[in-house]
Amino acid sequence: MRKNIIAMLAAAAAAATFSQQANAQEAPPPALTEAQAATVDRLIDAGLEDDLAWDLLESLTTEVGPRLGGSPAEARAREWGVRELKRLGFKNVRIETYEMPYWARISESAEIVSPFPQPLAVTALGRSRGTPEGGVAGEVVRFRTLLELQDAPETGLEGKIVFVDEPMARTQDGSGYGTAVRKRSQAAVEAGKRGAVAALIRSAGTDSHRNPHTGGALSGAGETAVPTAALSNPDADQLARALERAKAPVIVKLDLQVETAESVISGNVIGEIPGQTDEIIVIGGHLDSWDLGTGAIDDASGIAITTAAAKLVGDLKGKPKRTIRVVMWGAEEVGIYGGKAYAEAHKDEMDKHVLAAESDFGAGRVYRFDTRFSDEEAPKGKVFEAALRRLAVTPGNNMAFGGADIGATRDLGVPVVSLRQDGTDYFDLHHTPDDTLDKVDPEDLRQNVAAWAAFVYIASELEGDFGRLPVKETGQ
Ligand code: ZN
Ligand code: ZN
């Protein structure tokens, strides 16, 4: 019986492959040559022994440390990027600057004033307005979810402090974050619309430590956004319990002091391994981080993994077929300014961009490979999948996200892939003071380098391209 099912599955798979080939007409089934397949294996072996990624990761997180978008620390990170790319032999190393608005926290505190006076662990959400000096106080009104707040009447919260207590799910693929981000970005706007003086959210995080998680809040919806901060998960529990047990209104005081500037200079750092053709493969991570930790997992790891992988491919004999361009995007956390600036600056050469990919989900092992190629070219994903199989990477789908910094590039039609990392623990650390070097497992980092090196090499050498995606308005 089992044999019959396997035979049927095999027949079905063969039929699917046949029809894909028939649809692709003149395109022969994609494959690596024997020599290319051997090179992929050697690259994976080398990646599993790699020490460069760790060295870059340690160097960036130690010598620069936290590097908020638009800050002097981020400028030092750019100098670091130029220095390292030159040292490693990359060509055309440069900084491409752009202007962006600046936001930074100065101080933050919160406390329950009554009936159970005590401090609460909070952190301001990125781009939050500051409170008046001395803070604002108000009665706390709890909403279990963002949807409950959105369904609340347009008035009725005048002078109150809104508390959105929505929890976040722990998942391997990070899908819980998509929902959590909505709460983080919109609570302040929704609260302000209804007359509230401030908004608190339960952190978009999965840990039980007393570390609130920062992250960007919406400022674009403008005038109605009120000062907004995240409570650590145990502090959100505490506030919910206080509301349960209190016989009188629970009054909280929130004091956020921030600084802003209309325009500062930031930039993307770029280095290349020139290819034999003018076609380009773009890979990288974001150079900036939040200010609370040292941004080891978000996203110094992505910088280190992609740079080390490109270096392994660059060290092969002869030039790669396509140019491999490493981009260290700036100011992702505070509004994806670097990613948008890159697409804008390079829009005239987008037809030369064959493929783009970003590493920005920590340092956990790659467990899945997703593509977003044109439908006709989607079968080429199988070449990558086959090569990555020995690293315990499973085939994914053709709906890859790619990464925040290549969103604008993807919207101009450039195909992308995602080397999906195990994010089971990512949101325990993400955007907290706990995002530090000691959380990275060197073996996991090496597995990433091995997978990326194999991916970059195949992307550079494979015969034919990956099609084009529909062009979208990015709404910048
Ligand atoms: Zn990131
Ligand atoms: Zn982040």
Next item on the list: May I ask you to list the residues in segment 342-369 that are within 16 Å of ligand 2 (Cβ to nearest atom) and on the phi < 0 side of the Ramachandran plot?
Entry: 358, 359, 360, 361, 363, 364
Margin query: Which numbered condition in (1) within 16 Å of ligand 1 (Cβ to nearest atom); (2) aliphatic (A, V, I, L, M); (3) under 24 Å from residue 35 (Cβ atoms) is the only one that residue 406 fails?
Written below: (3)
Margin query: Checking the condition of a type in the set (D, E, K, R), within 24 Å of the chain's Cα centre (by Cα), at pLDDT 95 or above and under 30 Å from residue 321 (Cα atoms), which residue from 45, 41, 51 passes?
Written below: 51
Next item on the list: Only residues that are farther than 17 Å from residue 44 by Cα and away from ligand 1 (no atom under 16 Å from the Cβ): list them for segment 438-453, please.
Entry: 438, 441
Item checked: Hits in segment 60-91 (condition: over 30 Å from residue 263 (Cβ atoms), touching a residue at least 12 places away in the same chain (Cβ under 8 Å) and part of a helix (DSSP H, G or I)) -> 62
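For segment 307-339, how many residues meet the condition of being away from ligand 2 (no atom under 16 Å from the Cβ) and part of a helix (DSSP H, G or I)? Even if it seems obvious, please write down each step before you answer.
Taking segment 307-339 as the starting set, the residues that turn out to be away from ligand 2 (no atom under 16 Å from the Cβ) are 307-327.
Right, trim to part of a helix (DSSP H, G or I) and you get 307-314.
Residues flagged as away from ligand 2 (no atom under 16 Å from the Cβ) and part of a helix (DSSP H, G or I) within segment 307-339 amount to 8.
Output the number of residues of segment 267-298 satisfying the condition of being within 16 Å of ligand 2 (Cβ to nearest atom) and in contact with a helix residue (DSSP H, G or I) (Cβ under 9 Å, 6 or more places away or on another chain).
14
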Margin query: Let me spell it out: the conditions are (1) within 16 Å of ligand 1 (Cβ to nearest atom); (2) not assigned by TED's automatic domain parsing to the domain that holds residue 350, and residue 292 meets all of them except one. Which number is the exception?
Written below: (2)
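Would you point out the residue of segment 145-188, among those that are part of a helix (DSSP H, G or I) and polar (S, T, N, Q), that is nearest to residue 362 (Cα to Cα)? So that I can check it myself, show each step before the final result.
Pass one, segment 145-188, residues part of a helix (DSSP H, G or I): 146-151, 175-188.
This time we only want the ones that are polar (S, T, N, Q), so: 150, 175, 179, 185-186.
Working: 150: 32, 175: 15, 179: 19, 185: 21, 186: 25 Å.
Filtering segment 145-188 for residues that are part of a helix (DSSP H, G or I) and polar (S, T, N, Q), the one nearest to residue 362 (Cα to Cα) comes out as 175.
Given the options 420, 372, 410, name the one that is more than 15 Å from ligand 2 (Cβ to nearest atom), within 22 Å of residue 216 (Cβ to Cβ) and crowded, with 22+ Cβ neighbours inside 10 Å.
Working: 420 fails: within 22 Å of residue 216 (Cβ to Cβ); 372 fails: within 22 Å of residue 216 (Cβ to Cβ).
Answer to the selection: 410.
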Notebook entry, point to check: Among the residues of segment 416-430, is there at least one that is away from ligand 1 (no atom under 16 Å from the Cβ) and polar (S, T, N, Q)?
Noted result: yes
Note to self: What's the number of the only condition in (1) assigned to a loop (DSSP other than H, G, I, E, B); (2) modelled with pLDDT of 95 or more that residue 101 fails to meet?
What the structure shows: (1)
Next item on the list: Report yes if residue 314 is modelled with pLDDT of 95 or more and either within 16 Å of ligand 1 (Cβ to nearest atom) or on the phi > 0 side of the Ramachandran plot (or both), otherwise no.
Entry: no
Next item on the list: Examine segment 122-131 for a residue that is in the same structural domain as residue 290 (by TED's automatic domain parsing) and of a type in the set (Lys, Arg), and state whether such a residue exists.
Entry: no
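Looking for something of a type outside the set (Phe, Trp, Tyr), under 27 Å from residue 404 (Cβ atoms) and either part of a strand (DSSP E or B) or touching an Asp or Glu at 6+ places or on another chain (Cβ under 6 Å) (or both) - is there at least one such residue anywhere in segment 127-144?
Residues of segment 127-144 that are of a type outside the set (Phe, Trp, Tyr), as a first pass: 127-142, 144.
Now narrow it down to the ones that are under 27 Å from residue 404 (Cβ atoms): 127-130.
Now narrow it down to the ones that are either part of a strand (DSSP E or B) or touching an Asp or Glu at 6+ places or on another chain (Cβ under 6 Å) (or both): none.
So far as segment 127-144 goes, no, none of its residues is of a type outside the set (Phe, Trp, Tyr), under 27 Å from residue 404 (Cβ atoms) and either part of a strand (DSSP E or B) or touching an Asp or Glu at 6+ places or on another chain (Cβ under 6 Å) (or both).
Please tell me if residue 298 is assigned by TED's automatic domain parsing to the domain that holds residue 342, acidic (Asp, Glu) and either outside any strand (DSSP E or B) or within 30 Å of residue 318 (Cβ to Cβ) (or both).
Working: assigned by TED's automatic domain parsing to the domain that holds residue 342: yes; acidic (Asp, Glu): yes; either outside any strand (DSSP E or B) or within 30 Å of residue 318 (Cβ to Cβ) (or both): yes.
Here the answer is yes, as residue 298 does meet what is asked.
The values are calculated or read from the model by the stated rules, or taken from the named source; none is laboratory data. Keep in mind the model is a prediction, meaning the values are calculated, not measured. Glycine gets a Cβ as well: all are built from the backbone with ideal geometry, and neighbour counts include every protein chain shown.
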